[in-house]
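Colleague: I'd like to ask you about the structure that follows.
What follows is calculated from the coordinates using simple rules that are stated; it is not laboratory data. Quantities reported herein were computed from a predicted structural model and do not represent experimental measurements. All Cβ positions, even for glycine, are placed from backbone atoms using ideal geometry, and neighbour counts span all protein chains on display.
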Amino acid sequence: MSLIPEKPLLFYPQLAVALGLEEAVMVQVLKDLIDHGPGEINNGFLWVNVSGERLSDTLAFWTESDIQRITQQLHDQGILLIGGAAFHHNQPFRFAINERLETTSAQTQIHTHEQSNYSPGHQDQPANCQDQPSSHQGQPPGHQSHQGQPQPGKQYKHSNPIPTGWQPDSDLLAQLNQYGIPQTFAFEQVGEFVTYWSERNEPKHSWASKYLKHVLRLWREQQTQQAIQSKEVAVTGNWRPSSEALEILTVQAGINANFVEDAIAEFILYWQERGTTSSTWNSRFIQHVKRQWARFTNTLKSDIEPRPISDDWQPDPAVFDILAMANIDREFADGIVAEFVLYWQDDGQALSSWNTKFLQYAKRQWAYLRNESRSDSSDNKMNTQYETQQRSGRQSGTRYQDIAAELSDRSWAN
């Protein structure tokens, strides 16, 4: 027994994209039944009656409910016409593809195809020569019978390239309207559609069907994009990261909670000034804090020995990068270095990381400046209270203070 005893079931990839994989397979199977089975032309459509058992055998990998569901979906989409009841295994199924044929007066009669016993997915069985006359019997010499060619009383629409100036007709626009697609949107796609297929110069049986699938795909893409955009909002002044975002940063990433808290106001200010909308503010905040923390820890790796501040002390370049990520101007940071050095020279303390201390000082000064400009207050107090509180709370002498201790010091926020 052969491993492949049957003919394969084929489908069109573009049709699968537009309608779905199951629908594309079903359309192709029904199309094969139309091409190789007895049919009747009625009102411009080629109708076929097939037994439910035959269709079930052809689509043996689907259950009766699957076939019923898929055919109903094709009917709802305007692709399949169903004459009578929905599909059932034990009764005939009457259907037609929603494509009008070019008909003549003779086509109103019932016509039979040559391969009336054809079943998609199964090998064709040879005819019994004793029961059927030879295809050349009674024909003049040199005449050959061409199986599958249109017979009198049955004409199929020929394939043609898309005409110049092609436009959808009223029936097609009404069908699109059933999907909730406005005519303005449908007409907007005509120019691109005609240009594309004119350049390819490929003939098609039905440009209306091709256009229907094209517009349906574009409409669904637009609806999906609009749904995504509807969820995007601007960050507000009272925005806070979710508890899940804070847990990712403080528990999973091991970032100091005070460092995360300090980054919220900077993050809000940065994105408010840009007027950006997003539906993923928590994800952006996580990335923002992780970048700042990486720069921060790398800056302090080699800065752990306590020492007094020198006369020519300057922050490391990485400090300015961290401040820039917090949207703090470089000019502002440069302008407060001199007073920072002078204060701590007068204090005489030795610290393990002057870069850390300057970062905290710059952030506090920047926040104070921004709050002052917002409230239009003229009260511009110096930082002596903050530094005095720090001196009063410290023991005299040189000592080591690690990063976690520096970050836990919240007195600068007073």
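Colleague: Calculate the radius of gyration of the Cα atoms of the range 160-230 to one decimal place, then report Dmax, the largest Cα-Cα distance, as a whole number, both in Å.
Modeller: Rg and Dmax of the range 160-230, Cα atoms, are 12.9, 42 Å.
Colleague: Something else now. Calculated FRET efficiency, S242 and L9, Cβ-Cβ r, R0 45 Å, to nearest 0.05? Can you show the working numbers first?
Modeller: Values: r = 48 Å, r/R0 = 1.07.
According to the calculation, E is roughly 0.40.
Colleague: Here is a further query. Would you mind checking which residues have amide H under 5 Å from W47's amide H? H placed 1.01 Å from N; only 5 or more apart, or other chain.
Modeller: E40, I41, N42
Colleague: Roughly speaking, what is the stretch gain from V17 to N160, that is 0.36 nm per residue apart minus the C-alpha to C-alpha distance, in nm to one decimal?
Modeller: Computed gain between V17 and N160 is 49.1 nm.
Colleague: Roughly speaking, what is the stretch gain from H75 to Y368, that is 0.36 nm per residue apart minus the C-alpha to C-alpha distance, in nm to one decimal?
Modeller: Between H75 and Y368, full extension yields an extra 98.8 nm.
Colleague: Here's another thing I want to ask about it. Rounded to the nearest 0.05, what FRET efficiency do Q226 and Q314 give with R0 = 41 Å and r taken as the Cβ-Cβ distance? Could you check?
Modeller: 0.20
Colleague: For H89 and A174, what does the FRET efficiency come to when R0 = 25 Å and r is the distance between their Cβ atoms, rounded to the nearest 0.05? Intermediate results must be reported in sequence, preceding the final value.
Modeller: Values: r = 34 Å, r/R0 = 1.35.
That gives a FRET efficiency of 0.15.
Colleague: Another question, if that's okay. Provide the gained length on full extension for the span F61 to A294, in nm with one decimal, where the gain is 0.36 nm per separating residue minus the Cα-Cα distance.
Modeller: Taking F61 through A294 to full extension adds about 78.4 nm, to one decimal.
Colleague: Given q = 0.27 Å⁻¹, what are the Debye log10 I(q)/I(0) values for the range 1-68, with equal point scatterers placed on the Cα positions and solvent ignored?
Modeller: For the range 1-68 at q = 0.27 Å⁻¹, log10 I(q)/I(0) is -1.26.
Colleague: I would also like to ask the following. Using the structure shown, list the pairs from K290/K357; K31/K231; K231/K363; K231/K290; K7/K210 with a Cα-Cα distance above 30 Å, or answer none.
Modeller: K31/K231; K231/K363
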